[in-house]
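Here's the structure, in structure tokens; my notes come after.
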Amino acid sequence: MRKAYISYALFFVSVFLIVASCNRTEQNSSKQVPAAIGVRWELLSNFPDTGSSYTARFRIYNRENTELTSKNWALFFSTAANPVLDIKVDTIKYKNAKGRVEHINGDWYKLTLREGASLKKGDSTDGIYRSAGSVIKNTDAPLGMYVVFYDENGNTERISEITDYTMVPFTKKEQLLRGKSDKEVAASPAKTYWENDDLSVLDRSHLLPIIPTPKRYQKGQGTFTLPANAVIHYNDQAKNEAEMLVAYLKELTGKSFSLSVNDADIAIRLSVGPGKVKNAVPEGYELIIDEKGVSITGQDAAGVFYGVQSLLALLPTDIYLGKTTSLDLPHVVINDAPRFGFRSVHLDVSRNFQTKETVLRTLDVLARYKINHLLLYTSEDEGWRLEIPGLPELTEVGSRRRHVSSIKEAALHPSYGSGPYADVKDKYGSGYYSREDFIEILKYAAKRHIKIIPELNFPGHARAAIKSMEARYERLMKEGKEKEANEYRLVDPEDQSVYLSAQLYKDNVVNVSRESAFRFFEKVVDEIDKMYKEAGLEMDIFHAGGDEVAEGAWTQSPEALELLKQHPEIKDPKNLQAYFFRELVKRLEKRDLTIHGWEEVALIKDATGKYIPNPEFASKKVVPYIWNNLFDYPDLGYRLANAGYKIVLCNVSNFYFDLAYDNDPLEPGLYWAGFIDTKNAYAFAPYHMFNTTFINDMGADVFFDNPSAGLQALHPDARKNIIGIEAQLWSETIKGREMLEYYMLPKLLGFSESAWAPERRWEDESNRQKRKREIEEDWNFFANTIAQKEFPKLAKINGGYNYRIPPPGAIIENGLLKANVALPGLKIHYTTDGSEPTTQSAVYIDPIPANTTIKLKAFDAAGRSGRTIIQRPVAAGRLN
């Protein structure tokens, strides 16, 4: 289980719209749109009288030249994946209730008028509905709206997208907080100010020399300047790393440095020397800079590569800013090796597609911060993203989202606002990597010492594969090829099971009782393996997914029930997932693969449906990834490690990069497990994770570090079973490269420190207050380094990345405005005349009079800026 939305016992497919019809007396022809229907959406409140839900209002404007009825149109849209709840309509107060919102599947919904209702041209309708959960982000609002018009026989006449759409901004407490249980403070400049209050600007001499921090760093007294005619020497095993260094330096200086295998007249020496490095472990290196030049010796080629990254980090910031061409390097001796051999980022390209070029850019920045694995998530409910020879429907059908007349159709319906049409630019619903694309990605990653881990998520989260194979089945049946049609079919056609997945799908679970399901999985694995071989690589890890299979799946499948009769030891349909994984492991072991999967692959459900560790695979090449450290299983990772499993920690409270930085409505992202910023990724103790989990998903204090919590600690001899850590980038709300980079940077820097750097002083500190104080002290150094050193680097490399610069915090005290920023060293510029701040605007240094509206914005040394905040004057002496 890698991410779970809240489950609800009650689910209703429709909700009456509470309607007040009115004549629209003013029409603006400039607002006419192809659909001639306008939509206005407004969140009303996250504070219901009872329970957890929100209420919102649609307003529909009919500008069509026809009357809208219950038969001749329907509005389709995507919205945050919460089930729509029934609302009790006051038939006296709301006697004109005219419509309903219907959940179709996943995040896809439909709005129609009820039987007999109509909306005349020029009229508008207000509709109030209630849905489970809460909504506090602009990215939560309904999106991807379009209208389907039907003829008198119910056939589609035309499809038109809605372009006249207004979302009312969130400004009130009941819109800014997630209900009565939310312990966060509502977003405001003042909230940000107080969160930043303990930070201070440091002199450049106090900045960290390298991120991630090396194991041993000793600075000398002198400086070595790399001459323009410098020669880079390498031994045979370091040729790739030498070529990479030449490319890096050319990007910075425009100069092409020479390569040589001879020792004469060299300035930089790169060599692989097993046993010659003090940290004689894989990826270890020694970097020496003195008056003679630069020497990097690696335990292996990867070690040389990481030594190169540290060398680049030591270059003066002015090189990256283009203010100098002098390559001045401090005299240092560095002996370094990673804390964990497995340092990974997960990239979801299925929910919303990312181009090959975006993946390559991502690999570049991962390499800079010494990340050595990328879990590439190419199969999901909403999309299949990799060409598989022999199964063309996987990309012809599974990579394209579009409007469908029924979820029974062998096609993918819209999701995440992708709209009614496939292959539309900037909608991100369609796209895939060709075989050649994937091989290029593999080679590109390997040059940067990053291993790509492919994933096929089964048996849940498999709708794209299911629908693709149904399209294949239909095609071959029409050709009279029944045997071939069933070869890779993934469903029991007689299955009447009713279920709702975590993301509200009714049809996303593969029928594991069919041999064809295993045959499909093996076919995909074998074809991907061929791509690795063609890239000159070995595929030794495969991620089998295995998370979030919906309760109720297989319960009404004749084929599954027959399997249960044949294997009474399975006992219950809920344990068919464990059966599937057991059989899958046998098949993948024959291919000498280590099988990774989400935590459920190492769990089994007891009679109550609760997950408990399954010891069956602990001695096998099975590695579960553990995300759940907040909810019902906060010690699950340690329990599995103590039981003998090799595990990867993916803690949701620290490493889910798709969770929003904070609770400001303008800050995009999810928040089902709270809010994650760079500090969360930095402040993580892998062997003492209870020590760095301070609040839960709703901002309330938790005390997992207190022995009274009764949680199972990691046994000392089980430390070796934590092979590494992984950060997650799920893409439900990520639309394109710029958003992806914004979500990832600078969080990645904090993650890299947790993955590579030595254990930090506060990780095993038992005193909670002292531990928090030490984290704050160390974080101040790290935050300053990000702002003053790392941002200029990220602005330069690869043409610049779209990293997030945080907005300033501000308060007004005694008539004076005070401002600060979360990453000290950024400059705050401001204006008092209503204009947007620029680098030419006044610089905030000391408190300023707050007798007018002030706009503030943070800038880095490269001139990049964050979001503008507006601070309006308040009464003198009042604290805003």
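The values are calculated or read from the model by the stated rules, or taken from the named source; none is laboratory data. The shown structure was predicted, so the numbers you read here are calculated from the model rather than taken from an experiment. We place every Cβ from the backbone using ideal geometry, glycine too, and count neighbours over all the protein chains shown. These area figures cover heavy atoms from the full protein model, side chains too; ligands, DNA and RNA do not enter into them. Shrake-Rupley method; radii C 1.70, N 1.55, O 1.52, S 1.80 Å.
For this structure, a couple of remarks:
- Here's how it looks for V272: its modeled amide H is under 5 Å from those of N235, Q237, A238, G298, which are all 5 or more places away or on a different chain.
- Net charge contributed by nearby residues that have their C-beta within less than 9 Å of R401 (K/R +1, D/E -1): +2
- Remark: region 740-754, residue by residue, has Karplus-estimated 3J(HN,Hα) of 4, 5, 4, 5, 7, 10, x, 3, 4, 5, x, 5, 4, 5, 5 Hz, where x stands for each Gly or Pro and the curve is 6.51 cos²θ - 1.76 cosθ + 1.60 at θ = phi - 60°.
- Inter-label distance, nm, simple model (7 Å from Cα along the C-beta direction), N851/K110: 6.3
- Cut-off 13 Å, label 7 Å out along Cα→Cβ of Q712, residues of region 631-657 by amide N: 633-646
- Rolling a 1.4 Å probe over the protein heavy atoms of region 591-742, with every protein chain left in place, gives an accessible area that is 54 percent carbon and sulfur.
- Relative contact order (%) - region 703-802, alpha-carbon pairs under 8 angstrom, separation at least six: 26
- Label point 7 Å beyond Cα of L666 along Cβ direction - residues of region 183-206 with amide nitrogen under 12 Å: 188-189
- Listed values for region 133-150 are Karplus-derived 3J(HN,Hα) couplings in whole Hz (6.51 cos²θ - 1.76 cosθ + 1.60, θ = phi - 60°), namely x, 8, 9, 9, 10, 4, 6, 7, 5, x, 8, x, 6, 8, 10, 10, 9, 10, and x replaces Gly and Pro.
- Label-to-label distance, nm, for residues given as E836 and R40 (7 Å Cα→Cβ offset): 2.7
- Calculated FRET efficiency, R519 to K772, Cβ-Cβ distance, R0 = 45 Å: about 0.25 to the nearest 0.05.
- The GluC sites (Glu not before Pro) of region 238-330 that DSSP puts in a loop, and whose beta carbon has at most 16 other beta carbons within 10 Å, are E291.
- Taking amide hydrogens as placed 1.01 Å from N in the peptide plane, the amide H of W73 sits under 5 Å from those of Y150, each at least 5 positions away in sequence or on another chain.
- With R₀ set to 51 Å, the beta-carbon distance separating K620 from I870 gives a calculated FRET efficiency near 0.30.
- Placing R0 at 22 angstrom, the Cβ-Cβ distance between K278 and S256 gives a FRET efficiency of 0.10 after rounding to 0.05.
- Cross-link reach list, lysines versus K857, counting only Cα pairs under 18 Å and skipping chain neighbours closer than eight places: K191, K818, K827
- The 3J(HN,Hα) values that the Karplus relation (6.51, -1.76, 1.60; θ = phi - 60°) gives for region 101-113 are, in residue order, 10, 10, 7, 9, 5, x, 9, 9, 10, 9, 10, 9, 8 Hz. Gly and Pro appear as x.
- Segment D328-Q221, length gained on full extension (0.36 nm per residue, minus Cα span): 37.2 nm
- Entries of K98/K137; K620/K646; K71/K506 with Cα pairs more than 18 Å apart: K98/K137; K71/K506
- Sequence of K478, K447 when ordered by accessible area, the most exposed leading, probe 1.4 angstrom: K478, K447
- Under-5 Å amide H pairs with V231, H placed in peptide plane, nonlocal only: A267, I268
- Taking all Cα pairs closer than 8 Å and separated by 6 or more residues, the relative contact order of the chain comes to 12 percent.
- Cross-link partners of K239 among lysines, defined as those whose alpha carbon lies under 24 angstrom from its own and excluding same-chain residues fewer than eight positions apart: K250, K255, K276, K278, K292, K370, K443, K447, K451, K533.
- Distance between region 389-468 and region 282-348 - C-alpha centres, whole angstrom: 37
- Segment N65-D197, length gained on full extension (0.36 nm per residue, minus Cα span): 41.7 nm
- Residues in the chain average 39 Å² of solvent-accessible surface per residue, probe 1.4 Å, ligands and nucleic acids excluded.
- Furthest towards positive pole of dipole, Q221, P454, V359, structure part the chain, Cβ charges: Q221
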